[in-house]
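To start, the structure under review is shown below, and the notes come after it.
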Amino acid sequence: MRVACRRLRAALSLFRDVVPPAVLKLNGELAWIGGVLGTVRDLDVQLEQLEGWEARLPEPDREPLLALRSLLDEQRAAARVELLEAFDSGRYESLVNRFGRALRARPRRGAGPWSLSAREVAPNLIRQRFASFRKAARRIAADPGPDDYHRLRIRGKRLRYTLEFLADLYPEEARPLIKRLVVLQDILGAHHDAVVAIERLRDFAFVGDDRLAPATAFAMGEIAERYRRQMTDLESEAPAAYAGIAGKKWKTLRKRFDAERPQPPAETADGSPSLPSPPLVDG
């Protein structure tokens, strides 16, 4: 459901020129429910990883982590209560009802952006997302920070959604590129999960909870260091994954959509577009 919210928001951004205004106004509400879902999801990821690490530790070293697991379980329970309250709220009911009415509304007719063919507008939409993605990649220089990787992850996700929305136009060229983007997203997503986990551990350390005995605090430091090593490994994998996207695969897709893009009508001497000649009729 969280992914569906993100895809909806990406679609609203990509097709904003042709989406009804009533739907565009719901973007903030989609961001709200996606954020509530994201909090529970982040804690699920951290608890699952903690469980995996506990299984590899000797029995005496598992005990200090029980207090940390208890704190994470409490946070997840509170986040889930907030999530269920959101689903039961009038705000969420209004979001569903307003979105349903907007989707059932009569589509626009006549001239305007919505009258253009997909092959006319798709190249510009894809190019814009790719340019933004490439710009974020170039910002990852010799000493990038977590925000730089996060920015690349978000822009890569937008490019991927754009290609998925338009893949039926260029299936042979778009789908291999989408697969490469999934690989990069998996790397950057795991990197972001590690950043979020370290921030949560840091917050626990500064809260000063009585349950955090010295042994638990020490174990939290070790876990944070594991996350940092994981981030370093992932950062070393990112350049090759990006190169697989921005190289030949991208050039092949670009060549295809440029070749199939309809040409604008030729202009007459006075600058107005010429109309196609009427068909010849016998007699």
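The table below lists the values:
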{"read-out": "On Cα atoms only, tilt of 90-104 relative to the major axis of the chain in degrees", "value": "20"}
{"read-out": "For the chain: relative contact order, % (alpha-carbon pairs under 8 angstrom, 6 or more apart)", "value": "20"}
{"read-out": "Rough spin-label spacing in nm, given labels placed 7 Å along Cα→Cβ, for Lys251 and Arg138", "value": "1.8"}
{"read-out": "Ranked list, fewest to most other Cβ atoms within 10 Å of each Cβ, for Met231, Met220, Met1", "value": "Met1, Met231, Met220"}
{"read-out": "Residue-by-residue Karplus 3J(HN,Hα) for region 118-131, coefficients 6.51, -1.76, 1.60, Hz, glycine and proline x", "value": "4, 5, 6, 9, 4, x, 5, 5, 5, 4, 4, 5, 5, 4"}
{"read-out": "In range of the label at Val45: residues from region 144-160 whose backbone nitrogen is under 12 Å from the point 7 Å along Cα→Cβ", "value": "150, 153-154"}
{"read-out": "Ser70-Arg127 pseudo-label distance in nm [points 7 Å out on the Cα-to-Cβ vector]", "value": "6.1"}
{"read-out": "Cα-based helix-to-principal-axis angle, 214-246 vs the chain, degrees rounded to 10", "value": "20"}
{"read-out": "Calculated [θ] (222 nm, deg cm²/dmol) that DSSP helices of n ≥ 4 give over the chain, each run adding -39,500 (n - 2.57)", "value": "-26000 deg cm²/dmol"}
{"read-out": "Lysine pairs in the chain with Cα atoms under 24 Å, if 8 or more residues apart or on separate chains", "value": "16"}
{"read-out": "Which labelled figure in (i) -0.50, -0.84, -1.16, -1.36; (ii) -0.45, -0.73, -0.97, -1.25; (iii) -0.28, -0.54, -0.89, -1.33 is log10 I(q)/I(0) by the Debye sum over Cα atoms at q = 0.08, 0.11, 0.14, 0.17 Å⁻¹, once derived from the coordinates", "value": "(i)"}
{"read-out": "Relative contact order (%) - criterion: Cα under 8 Å, at least six apart; region: region 117-262", "value": "34"}
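Any read-out appearing in this document is the output of simple, stated calculations on the displayed coordinates, not a laboratory observation. Treat the numbers as computed from the prediction; the structure is a model and nothing was measured. Don't worry about glycine lacking a Cβ; one is built from the backbone with ideal geometry, like all the others, and counts go over all protein chains shown.
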